[in-house]
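Below is one structure, written out as structure tokens, with a few remarks after it.
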Amino acid sequence: MKKQEMANTSLKENRTHGTVQYPVALYEWNGENEWHVVPHWHEEMEWIYFQKGDFPVWINTKEYQVHAPAFICIHPEELHALILEKDGIESAVVFPVDILCFERYDAAEAKVLGPLAEGKLRMPVLCQNGDAAFEELSACYKEIEQMLRQMKEHGTKKGQHTDSSIMRENVAVEPKQNLQKNMLYLNIKAKMLELIAVAYKYDLLTRQVMEGREESGTVENLKKVLQYIGEHYGSPIRLSELAELVNMNEQYFCRYFKKNIGKTITEYINMIRVEKAATALAETEDKIIDIASACGFDNIGYFIRRFKKEKGMTPSEYRKKSK
């Protein structure tokens with residue numbers, strides 16, 4: 001897999017998905033409030049199933065308005081983001097594609113699994129209710145989801161409490177060798193192969209077309225800018241600094257950013273700062289004024305207004321609810 005020359009570690013998701021022995025993770029969303037999954041990328045493939053609600057999704061430079069039920073595939077290294085709407089229900093399975101490959105060369109490896117792992121073959125980006133393959137794809141996904149939940153149950157100690165009501169919860173199993181987990185994991189891999197076979201059956205697997213230089217450059221430029229914002233959100237960020245990163249004048253850069261991200265630069269920076277503040281409110285006992293300052297808000301009144309606009313409640317209300 002290619003490695004980018006630039007440093008974009010804050011956009012690259014560093015979380016371990018699953019474990020060494022069971023490298024598949026399930027994340028679930030069933031939240032009472034809206035949640036922004038900010039732009040990021042990872043080396044694994046991600047299958048997302050939207051069960052209820054409407055979801056704006058961004059993959060590289062394209063925006064999708066997804067109406068549930070629907071299935072989306074995020075390919076390795078794709079820059080993506082989504083908004084999880086209030087009362088929506090969504091889950092995602094994240095895994096390295098090469099866990100499905102075989103050591104022995106055969107037709108399945110040569111025609112499908114090998115090219116898929118190498119990025120030469122692609123799953124359908126979006127499959128919605130009413131599409132020919134949707135019922136079979138969603139049936140496979142739901143079985144994978146259920147088996148991953150069962151693996152989590154086997155990996156949870158007696159009396160241990162897990163809560164997935166606030167955020168997408170990692171329910172990957174702990175690396176414990178036992179017959180039940182290994183059986184489930186084998187069945188999960190078999191069902192994942194079946195899901196890919198369904199896509200193949202309906203001729204939904206497509207050869208990767210080399211993206212144009214302009215499109216490729218756009219994605220890399222966006223990664224640079226979003227990386228910089230992710231690292232410096234706690235300090236003042238000047239427009240000139242961002243424009244200089246991608247060798248653009250400020251006026252053109254503003255239009256370029258809005259076109260590809262769907263928000264103005266100020267809106268995006270404020271969103272990132274609010275999300276960072278929300279995490280701090282939920283996970284620490286720091287004073288609200290200190291959190292606001294650490295996240296780049298010098299005016300506490302402005303911070304409260306922005307936070308309420310993004311989250312539908314004040315910072316103190318959010319902290320109380322998250323506890």
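The values are calculated or read from the model by the stated rules, or taken from the named source; none is laboratory data. This structure is a prediction, so every number in the text was calculated from the model and none was measured. Reconstructed Cβ throughout: ideal geometry from the backbone, glycine too, with neighbour counts over all protein chains shown.
Consider Ile89 carefully, then state whether it is in contact with a strand residue (DSSP E or B) (Cβ under 6 Å, 6 or more places away or on another chain), assigned by TED's automatic domain parsing to the domain that holds Pro124 and crowded, with 20+ Cβ neighbours inside 10 Å.
Details: in contact with a strand residue (DSSP E or B) (Cβ under 6 Å, 6 or more places away or on another chain): yes; assigned by TED's automatic domain parsing to the domain that holds Pro124: yes; crowded, with 20+ Cβ neighbours inside 10 Å: no.
No.
Filter the stretch 155-185 down to the residues that are more than 29 Å from Lys276 (Cα to Cα) and either surrounded by 15 or more Cβ atoms within 10 Å (Cβ to Cβ) or modelled with pLDDT of 95 or more (or both) and list them by number.
Correct list: Gly155, Lys181, Leu184, Tyr185.
Would you pick out the residues in the stretch 272-313 that are of a type in the set (Val, Ile, Thr) and closer than 23 Å to Ile261 by Cα?
Within the stretch 272-313, the first condition is being of a type in the set (Val, Ile, Thr), and the residues that meet it are 272, 274, 279, 284, 288-289, 291, 300, 304.
Those that are of a type in the set (Val, Ile, Thr) and closer than 23 Å to Ile261 by Cα: Ile272, Val274, Thr279.
Given the stretch 36-92, what strands (runs of 3 or more DSSP E) lie entirely inside it while holding 2 or more residues that are more than 21 Å from Pro115 (Cα to Cα) and of a type outside the set (Phe, Trp, Tyr)? Full working, then the answer.
Numbers: elements: 45-52, 54-59, 62-67, 70-74, 80-84.
Once the strands (runs of 3 or more DSSP E) in the stretch 36-92 are filtered for at least 2 residues that are more than 21 Å from Pro115 (Cα to Cα) and of a type outside the set (Phe, Trp, Tyr), what remains is 45-52, 54-59, 62-67, 80-84.
In the stretch 101-130, how many are within 21 Å of the chain's Cα centre (by Cα) and not in a strand (DSSP E or B)?
Counting residues in the stretch 101-130 that are within 21 Å of the chain's Cα centre (by Cα) and not in a strand (DSSP E or B) gives 7.
Collect the residues in the stretch 261-288 that are surrounded by fewer than 13 Cβ atoms within 10 Å (Cβ to Cβ), β-branched (Val, Ile, Thr) and more than 19 Å from His232 (Cα to Cα), keeping them in residue-number order.
Thr284
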